[in-house]
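These notes concern the structure reproduced below.
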Amino acid sequence: MNKIPDLLEIQKRSFLFFLTKEIKEEIKKIDSFCKSNNEFEIKLYSEKIKIKMPVLSDNETQKKLKTYKGEIYIPIQIIYKRKIKSKIHNIFFGEIPMMTKHGTFIINGFPRVIINQIVKSPGIYFNTNFDNNKKRITNALIISDKGLWLNIKKRENFIWAKFGKDKKVPIFTLLQSIGLTQKKIFHSIQNREFLKKSLTFINPTSNLNCLHHLKIITQAESIVNLEARNIFFQNFMLKDSYSLGKAGRNKINKKLKILNTTEIDTLRPEDILATIDYLINLDYGIGCFDEIDNLENKQLRSAGELIKEKLKIGIITITKKAKEKIEKTFINFLIKPSKNLTKWKNKKSKKQLEFIFNSKTLFNSLTAFLWYDQLSQFMDETNPLAEITHKRKICSFGGGGLNRKRISLDLREIHPSQYGRICPIETPEGQNTGLISSLTIGARINKWGLIQSPFIRIKNRKLKKNLGKFFLSAKQEENTKITHNQKIISNKKLNKKSIYNKINYIGISPLQMISIATSLIPFLEHDDANRALMGSNMQRQAVPIINPDNPIVGTGLELETARDNSSIILAKQSGLVIKSNSKEIFLKTFINLNKIKITENRNYWKKFNQTLKYQLIEETSNITSLYNTQNIFKKLKKDFLKKKLKNEIKRFKKHKSLKKIKNEIVKYTLTKYKKSNQNTCINNKQLVYTGEWVQNGDIMADNSTTTKGELSLGKNLLVAYMPWEGYNFEDAIIINERLIHKNFYTSIHIDKYEIKTRQTEFGSEIFTNNLPNIKTPNLDHNGIIKTGKWVKNGDILIGKITPRKNTLNQSPESRLLRSIFGKETRNVKNTSLRVPPGISGRIINTQIFKKQTARVYLAHKKEIKTGDKFSGRHGNKGIISKILPQEDMPYLQNGIPIDIILNPLGVPSRMNVGQLFECLLGLAGYFLKENYRITPFNETYGEEISKKITFQKLYEASKHTNQNWILEKNNPGKSRIFDGRTGKTFDQSIVVGYSYILKLFHLVDKKIQMRSIGPYSKITQQPLKGKAKKGGQRLGEMEVWSLQGFGAAYNLQELLTIKSDDIQARNKAQILIIERKKISKPKVPECFKVLIRELQCLCLDVNLHNTTK
């Protein structure tokens, strides 16, 4: 894939279409409305609608905890008796949350993402099944965009319809009740003989008879015949209550071959007749059944369409309230209309219009969706990959989606039509498997909501790249022959009758079938799909560390993934950097130069490219290239820059359209230590310096998880696959202590602490630095800790006092103060906010809002420790079980100690062999000082090409360094290493190399918990569950079996009684421990009493009796 498209294009395009077209269409539906006597009319000019962009930028909105929103203004006019018209006023209609340039919404200062929803596409679907009597039923289901679904079924010779909760309606009863005669029905159906058989069940003699029968079926005998006739009309032919949508009407027209425009989005009698005709023809092999799981029958609803649904609700509410206000507002006008006519012509009418339209209604409807709906979620900001993946997710739940109680296994499975559209690998583990997925790299959405995949046209075995990309939907792909192997097309030995000669299209890249997270796994084709799933999911859980590395072995998509992240700073225009520091970058841009787009073929870029040194493998030049890690701009000298600028200015002065070269200075502000939604740190680091030339689109500043513009989530570590005294049993990991000393995996986390003041019955709480009996040098005059201070466990962050009841204090101290100063001491309680246990760090920011709410942001480091979770990119995960000193770790033949030891038994059973290729190629890259970018599915370029690349590079590394142990002849890929404790070699050769290892968000500090006493459940009297509730440690069945197996009877008794629900014994035990006395024997626990009650409920006479010896 030469160039990856904008990964956020789907979200942006959807919301842009909503702003430019769909808002106007929805407001146009309420073009005007009148008072009941039609004397007054309020006209809305929806075509001239104006949207005012937000005043604050997205960064300022987050800092001030506001909502990023725009304002809608609609030109409105009052018309009296169709003659007298007021001025057209731009009335404030309401506020609407706006999407930022990064595809997010900011609500109350928090970035949120609207997930794409996949639902059944409106239209008509034919399927077949069998009833309880094993009789075949053919079914036609008409799915609407709004309103009831219509079901038309056929069993043997009987056809009936069903909609809503009503009973079966015979098809002749339905058709004749809406005005069709039997003669007209028979003329509209091809197979009339079959339809005549249906009359043997029910043969209504007249339309009036049909209406009477319809009343009985719908249990509405009290209604008149005219209302019975309107039952179908109101449910399926009225625009206010029913709509197929443009997509649904288009699908019905194509399926039933109806010549009709997509503007008519309600059902017509012709549609039902055509459906019956198609239903009958299916028995004779004419037509085909539909597969509901096929992507051609599903549509994707992005942010714009989901917000549009809530906009409709808001507009309906506004119109209802407006009509009620119109009736009340114009009563006064009708008393003396002649005197008030002049008032309506001037600006006073604007106030009346603003009163009629409540501007808060629309905003409340949309923010309620963005804040509470399950499709609107807090953006995952753990790292850039997590953010992009979150914006490209596809969910089957939400309004109009699947119900969790009715999900079958078929809905979770991978369908062939998903190829190139939905990633078959990336999906959550657990109950949401297959129901939440991710879009592939090249997928896009058409105007009908169908997912399309890109292909290149083939004609006469030749690629027609000049025709561009062809985006095909699942339906369009059915009648084509597609391949992804270019060698098949160029094979001249194939016969003319071969099926390969009929190929019409070829995929643009093997990467087009997987998501962006999956495409970051090198040697993906050598991994089992289950482990690849874990690898793609765990990359999104990688915590940003202080100094990440570029991977030695990557896939080439690291740069593209980082570019679309919200915290990366890109140059909007080409120019010269005139000032650069850690907080801001100033770029001098030449406006006229940026207007003319001929920057690609400049001479200095040709010279510039010649300075880069690429070393390619001849056999695999198509798939492997070396990554140059040096900063290219540092090589440019100041003289060269000056000459380049002079040449450019002279060149463009000759251009006729430019008379004068203009320049402008653009400021870029870097984000410093910003808290993410997941409490990780977002921090920009400058990449360009004063005097350097920057091209439009270049990356000017890294963030916490990028290095030189490439995605960097972890570190390259020296790995050995070997057992080590059982400490790496069951995926446990042993690491070198130097990883801690050198801060390899130290991460910065930012916590937010907030406290509010409230009004009590004895007075109001206040923030203050004047706390009773405490010195507070670190607090400012507002009682908030100063920025930059180092704090530890127990330190005061925000000083607050709460007044207490004024009772006469007779303590010696208070009496002495009263006698000396003649004043009463303050009767207040210190309720300050303190640093919680186990945390120490530095204050980076403080906020106070109207003296009621105060916030403090504390940044603290977290080093790796026993219990933290590590993983690679191939689903190889584990927990740190042992941290060894550097001198005790095994070491290579050149003296380099191993960084991390993994269990070799974790490879064959999991079938993720890709980690071994990465490990060995990484070893070669380390000694050759080269980085590699291996595209996934490179086996299409030749058999065992991964093996050839790896061993060729190992051979080059051994020759380049004169270290033959890198590639041993007898054991290629393995080497002999030494035990750090004894200095002796291990008995067998071991796989050693450099792998890319990530530190995951599942840190032991968030998992570990200690409890002596705490809260108990009121029902079971057992300790509560969970760290947040200060719960106890769980003792399950398997733990009980284990203690029984070891014969630890007293230990088990203690766990099941004193430490659990023996109320009397546990209360006594606390007192006896404090008094250092012997703990008494436990008594009957509460769970045993519950068991007795359950047995008594089964009519068993079981009771507790006290017996004496």
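The values are calculated or read from the model by the stated rules, or taken from the named source; none is laboratory data. Since the structure is predicted, the reported quantities are computational estimates derived from the model, not experimental observations. No Cβ is skipped: glycine too gets one built from the backbone with ideal geometry, and neighbour counts run over all protein chains shown.
For this structure, a couple of remarks:
- Residues in the range 525-542 that are farther than 18 Å from Ile934 by Cβ, among the small types (Gly, Ala, Ser) and buried (at least 21 other Cβ atoms within 10 Å of the Cβ): Ala542 alone.
To keep it simple, each residue is scored yes or no on (1) more than 30 Å from Ala322 (Cβ to Cβ); (2) of a type in the set (Val, Ile, Thr); (3) loosely packed, with under 14 Cβ neighbours inside 10 Å.
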position: Ser86; (1), (2), (3): no, no, no
position: His89; (1), (2), (3): no, no, no
position: Ile96; (1), (2), (3): no, yes, no
position: His102; (1), (2), (3): yes, no, no
position: Val119; (1), (2), (3): yes, yes, no
position: Thr128; (1), (2), (3): yes, yes, yes
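- Number of residues in the range 71-89 that are touching a strand residue (DSSP E or B) at 6+ places or on another chain (Cβ under 7 Å) and part of a strand (DSSP E or B): the value is 12.
- Condition check for Asp293: modelled with pLDDT under 85 and among the acidic types (Asp, Glu): no
- Annotation note: of Ile503, Ile578, Ile546, Ile552, the sole residue that is aliphatic (A, V, I, L, M) and buried (at least 21 other Cβ atoms within 10 Å of the Cβ) is Ile552.
- Selection of the range 985-1008 for residues being within 29 Å of Asn971 (Cβ to Cβ), assigned to a loop (DSSP other than H, G, I, E, B) and touching a residue at least 40 places away in the same chain (Cβ under 8 Å) yields only Phe986.
- For the range 444-461, residues that are out of contact with any helix residue (DSSP H, G or I) (no Cβ under 7 Å at 6 or more places or on another chain), part of a strand (DSSP E or B) and more than 14 Å from Pro5 (Cβ to Cβ) total 2.
- One residue alone among Lys1030, Lys1018 is under 38 Å from the mean Cα position of the chain (by Cα), part of a loop (DSSP other than H, G, I, E, B), modelled with pLDDT under 95 and farther than 30 Å from Leu520 by Cα, and that residue is Lys1030.
- In the condition set (1) under 19 Å from Leu1000 (Cα atoms); (2) among the β-branched types (Val, Ile, Thr); (3) surrounded by fewer than 23 Cβ atoms within 10 Å (Cβ to Cβ), Ile699 is compliant with all but (1).
- Selection within the range 955-984 - of a type in the set (D, E, K, R) and not in a loop (DSSP other than H, G, I, E, B): Glu956, Lys959
- Scanning the range 380-420 for residues that are of a type in the set (A, V, I, L, M), surrounded by fewer than 20 Cβ atoms within 10 Å (Cβ to Cβ) and within 28 Å of Pro510 (Cβ to Cβ) yields Leu411, Ile414.
- Any hit, the range 947-954, residues being on the phi > 0 side of the Ramachandran plot and either free of Cβ contacts under 8 Å to residues at least 40 places away in the same chain or assigned by TED's automatic domain parsing to the domain that holds Ile934 (or both): no
- Among the criteria (1) part of a helix (DSSP H, G or I); (2) outside the structural domain of Glu41 (by TED's automatic domain parsing), the one Ile441 does not fulfil is (1).
- The listed residue being more than 28 Å from Ile445 (Cα to Cα), in contact with a helix residue (DSSP H, G or I) (Cβ under 8 Å, 6 or more places away or on another chain) and at pLDDT 90 or above, out of Thr275, Thr218: Thr275
- In the range 1064-1082, the residues that are within 21 Å of Ala1049 (Cβ to Cβ) reach residues that are of a type in the set (D, E, K, R) and in a helix (DSSP H, G or I) with C-beta atoms within less than 8 angstrom, at least six apart or across chains, in these pairs: Arg1066/Lys1059; Ile1079/Lys1068; Ser1080/Lys1068; Pro1082/Glu1054.
- Single condition Cys423 does not satisfy, out of (1) surrounded by 14 or more Cβ atoms within 10 Å (Cβ to Cβ); (2) in contact with a Gly (Cβ under 9 Å, 6 or more places away or on another chain): (2)
- Close pairs (6 angstrom Cβ cut-off, 6 or more residues apart or separate chains): among the hydrophobic types (A, V, I, L, M, F, W, C) in the range 363-384, in a loop (DSSP other than H, G, I, E, B) anywhere: Leu375/Ile115; Leu375/Gly398; Phe378/Asn677; Met379/Thr104; Met379/Asn677
- Residue match in the range 720-737 (condition: assigned by TED's automatic domain parsing to the domain that holds Leu884, among the acidic types (Asp, Glu), modelled with pLDDT of 95 or more and not in a strand (DSSP E or B)): yes
- Qualifying residue in the range 1072-1083 (condition: among the basic types (Lys, Arg), out of contact with any Gly (no Cβ under 9 Å at 6 or more places or on another chain), surrounded by fewer than 10 Cβ atoms within 10 Å (Cβ to Cβ) and under 22 Å from Gln1022 (Cα atoms)): yes
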